[in-house]
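Here is the structure we will look at, set down as structure tokens.
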Amino acid sequence: GLQRVAVLEGDLESSLSWSRKLLDVAKVEIDFWKSDLQRPNLSALEEGELRRRLQASSRLLAETHLTAATTLLALERKPAAIDELSAALELDPSRAEVYSRRAQLYMDVGQMREAREDLQQFIKLSTLGLEHPDMKRAADMLVECQRQLGSLGG
């Protein structure tokens with residue numbers, strides 16, 4: 001919540017600081033839940049609860065990476081925003097919209113091969129119809145990537 005409050009107050013650096021703190025805490029939580037799952041004689045009920053907590057902590061971690069990416073983008077730190085989106089995708093590689101966001105940033109920094117791969121992944125994972133504006137935009141971006149890669153001989 002504090003990262004969002006800081007953004008609303010216009011203090012992006014503070015928001016980013018809160019994101020980092022939350023990421024640190026969530027990583028410690030995840031490590032704890034993972035180690036607790038290794039306990040001998042764990043009941044099915046305990047295991048279920050630990051897996052639920054692990055999943056919730058992982059979801060919080062991914063969402064915090066996405067929030068940090070948005071903040072970094074507002075601060076015009078595109079490479080760092082790409083890193084945050086990549087971290088979010090490591091936690092949840094099934095999120096089509098994150099591939100789309102990262103593809104745009106890759107294009108912005110001139111990494112067309114990476115942008116092309118992310119656009120292909122977005123199209124593969126997306127549940128949107130082909131006529132949806134986001135899908136049309138992805139197709140247009142993919143054509144642009146191909147055009148630029150072709151002119152580079154790649």
Hits in segment 42-75: amide N under 17 Å from the 7 Å Cα→Cβ extension of residue 137, namely 70-71, 73-74
Inter-label distance for residue 108 and residue 75, nm, one decimal - labels placed 7 Å from Cα along Cα-to-Cβ
1.4
Express the carbon and sulfur contribution to the solvent-accessible surface of the chain as a percent, rounded to the nearest whole number, probe 1.4 angstrom.
53
Per residue, how large is the accessible surface of the chain? Use a 1.4 angstrom probe and give square angstrom.
60
Choose one answer from 105, 60, 128: the residue with the largest mean-square fluctuation in a GNM of the chain with alpha-carbon springs under 10 Å.
128
Distance in nm between residue 120 and residue 27 label points, each 7 Å along Cα→Cβ, equals 3.1
Only Lys, Arg (+1) and Asp, Glu (-1) charged, at Cβ; segment 1-119 dipole about Cα centre in debye:
140
Once you place label points 7 Å from the Cα toward the Cβ at residue 97 and residue 52, how far apart are they in nm?
2.6
Electrostatic dipole magnitude of segment 78-136 [Cβ: Lys, Arg +1; Asp, Glu -1; Cα centre; debye, to 20]:
180
Options (i) 14.4, 40; (ii) 14.6, 47; (iii) 18.6, 61 are given for Rg and Dmax of the Cα atoms in Å, and the computed one is (iii)
Mind ranking 26-36, 116-126 by how tightly packed they are, going by the mean number of other C-beta atoms within 10 angstrom, highest first?
116-126, 26-36
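The values are calculated or read from the model by the stated rules, or taken from the named source; none is laboratory data. This one's a predicted model, so the numbers in the text were calculated from it and none came from an experiment. Glycine gets a Cβ as well: all are built from the backbone with ideal geometry, and neighbour counts include every protein chain shown. We work out accessible area using only protein heavy atoms, side chains counted, and drop any ligands, DNA or RNA first. Shrake-Rupley method; radii C 1.70, N 1.55, O 1.52, S 1.80 Å.
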